[in-house]
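The values are calculated or read from the model by the stated rules, or taken from the named source; none is laboratory data. Computed from a predicted structure; not experimentally measured. So basically every Cβ, Gly included, is an ideal-geometry build from the backbone, and we count neighbours across all protein chains shown. Accessible surface areas use protein heavy atoms only, side chains included; no ligands, DNA or RNA. Shrake-Rupley method; radii C 1.70, N 1.55, O 1.52, S 1.80 Å.
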Amino acid sequence: EAGVTQSPRYAVLQEGQAVSFWCDPISGHDTLYWYQQPRDQGPQLLVYFRDEAVIDNSQLPSDRFSAVRPKGTNSTLKIQSAKQGDTATYLCASLPGLGVFEQYFGPGTRLTVL
Amino acid sequence: GQQVQQSPPASLVLQEGENAELQCTYSTTLNSMQWFYQRPGGRLVSLLYSPSWAEQRGGRLTSSAASNESRSSLHISSSQITDSGTYLCAMEDTGGLSGKLTFGEGTQVTVIS
């Protein structure tokens, strides 16, 4: 089966610019996660969905970050006005369903904010 | 919130053929834990997944857990140069069937000949 795909793979922005990241999970996986991984650190959960519903976005900086999954398949994470502190790799992961917790990760989008 | 501490911290250098043990300590009761591998610029790849306090084996890798100490270990036997990369542990707590993972900081392993 095809794995989790993400695009773009890299993005370089000036502070204040906007950017969107796209994720296509494994077909049939109803749960989708977005993580932020700063350099030399472990990933930190930003938001996750079950189908099209946001289950937990408590770690998402809501004033500048937004995430949607309108049809319960692909998802978009958007940063409205990027800051240098947003420099990190943004990872998407998907999960087959309740009771199965082995997550499958995409390659990530490496963001640099100058 | 939950915290995950990995040791050895940051980095570890091994001579090819040596064994190594990485450990993770969790601040709360564990529902499941997972060990991941990541090359620089590469995707996180799941190595071993344990839905409970159980030993898991996969080739030269073995994970084990001590529930009374909220600790899990990843044992790498007969290390090879291709094992070089970052190893991260992640826990899913018992707070609900969310699948939410809390990661450790990772240990960068370098295997030299």
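Figures for the structure shown
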| read-out | value |
| --- | --- |
| Subset of segment A:104-114 [in a strand (DSSP E or B) and within 14 Å of chain B (Cβ to nearest Cβ)] | A:104, A:105, A:109, A:110, A:111, A:112 |
| Contacts under 8 angstrom Cβ, first residue in segment B:25-44 being more than 10 Å from every other protein chain (Cβ to nearest Cβ), partner among the basic types (Lys, Arg), 6 or more apart | B:25/B:71; B:26/B:71 |
| Qualifying residues in segment B:1-45 (those that are of a type in the set (A, V, I, L, M) and closer than 13 Å to residue B:63 by Cα) - the one surrounded by the fewest Cβ atoms within 10 Å (Cβ to Cβ) | B:20 |
| All positions within segment A:80-103 that are modelled with pLDDT under 90 and of a type outside the set (D, E, K, R) | A:95, A:96, A:97, A:98, A:99, A:100, A:101, A:103 |
| Residue A:50 basic (Lys, Arg) and farther than 19 Å from residue A:112 by Cβ | yes |
| Selected residue (criterion: nearest to residue B:44 (Cα to Cα)) from residues of segment A:90-114 that are of a type outside the set (D, E, K, R) and open to solvent by 30 Å² or more (accessible area, probe 1.4 Å) | A:104 |
| Set B:88, B:48: member being in a strand (DSSP E or B), surrounded by 14 or more Cβ atoms within 10 Å (Cβ to Cβ) and either more than 14 Å from the chain's Cα centre (by Cα) or at pLDDT below 90 (or both) | B:48 |
| Filtered residues of segment A:46-103 (kept if at the interface with another protein chain (Cβ under 9 Å from one of its Cβ atoms), of a type in the set (A, V, I, L, M, F, W, C) and assigned to a strand (DSSP E or B)) | A:55, A:91, A:93, A:95, A:100 |
| Filtered residue count, segment A:3-42, keeping only those that are open to solvent by 40 Å² or more (accessible area, probe 1.4 Å) and in a strand (DSSP E or B) | 7 |
